[in-house]
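Worksheet: the structure to be examined is printed underneath.
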Amino acid sequence: MRRRSDERGRALLDALLEGRPDPGLAARAASGLDLPEQGRYAVAVLRAGGGGPAAVAMEAEGLRFFRRERADREVVVVALGDRDQAALTALLVRCCQGPGGIGPVSDGLAGLGAARRLAEVALLTCPPGTTEIVRLEERLPAALLVSQPELAARLVTDVFGPLLALAPADRALLVRTLEAWLECGGSAGRAAGRLYCHRNTVLNRLRRLERLTSRSLSRPRELIEMMLALDAFRMTAPQL
């Protein structure tokens, strides 16, 4: 009887994660899983097999969680209680092998389907070869791009077309320079320190990038195009 009850609870949880349009589903799942129908829940989607160590850690932290295996994905549903997402993210980063994505907090079991879909989108924003675990809120521009792959590919072609024609090593050098400059808040001096080169070298590379893309990093609209194209490029290209 206990086994049948557990199986029923897992089936109800799967139905919630799939977002089935059943008005009474959340109430039945709350009863079957012994969870409050209204409460704070988070959904994380990890690469399959990456959540094993987190099970022990979450138990140690006093969190209630449920794991569901799906092909090449592992879905983790966490009853947050009064914990914040930052604490959950830190726990998963410490105990899981990424990559992974975490959706926005759901205020009830009925919202688990939407939270799971958005966690999947967050996972898609992780570039190939990385093991990071990210929250959707941290990746909203990139999430828009992965949600529209055809437009993202067009953006990369239109903005970075001449850059893509360069030799791989040359292209990687310019891309790393742009990334460092952006991460350093537009400071060529700080970027130079990160890249172990002279400030003028950074400026020369950025000017070359502007010539290749026909866009200026000093014009806000064109800078936004460059940043979005860089995000789209990183999500589809091998890790540089």
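The values are calculated or read from the model by the stated rules, or taken from the named source; none is laboratory data. Quick caveat: nothing in here was measured; it's all calculated off a predicted structure. All Cβ positions, glycine included, derive from the backbone under ideal geometry; neighbour counts span all protein chains shown. Ligands, DNA and RNA are excluded from the accessible area calculation, which covers all protein heavy atoms including side chains. Shrake-Rupley method; radii C 1.70, N 1.55, O 1.52, S 1.80 Å.
Points worth noting:
- Cβ-defined net charge surrounding Val75, 13 Å radius [Lys, Arg +1; Asp, Glu -1]: +2
- Largest accessible area first, the residues Val121, Val134 order themselves as Val121, Val134 under a 1.4 Å probe with ligands, DNA and RNA left out.
- Surrounding net charge for Asp107, when Lys and Arg each add one and Asp and Glu each subtract one, Cβ distance under 11 Å: 0
- Protein accessible area in the chain, 1.4 Å probe - carbon and sulfur %: 53 percent
- For region 101-204, accessible area per residue (1.4 Å probe, heavy atoms of protein chains only), Å²: 49 Å²
- Helix-only arithmetic for the chain: the sum of -39500 (n - 2.57) across DSSP H runs with n ≥ 4, divided by the residue total, places the mean residue ellipticity at 222 nm at -18000 deg cm²/dmol.
- Within the shell of other residues whose beta carbon sits under 12 angstrom from the beta carbon of Leu174, the net charge comes to +3, with Lys and Arg scored +1 and Asp and Glu -1.
- Taking 0.36 nm per residue of separation and subtracting the current Cα-Cα distance, fully stretching the chain between Arg68 and Glu137 would add 22.5 nm.
- Per-residue HN-Hα couplings for region 102-109 [Karplus 6.51, -1.76, 1.60; θ = phi - 60°; Hz; x = Gly/Pro]: 10, x, x, 5, 9, 8, x, 4
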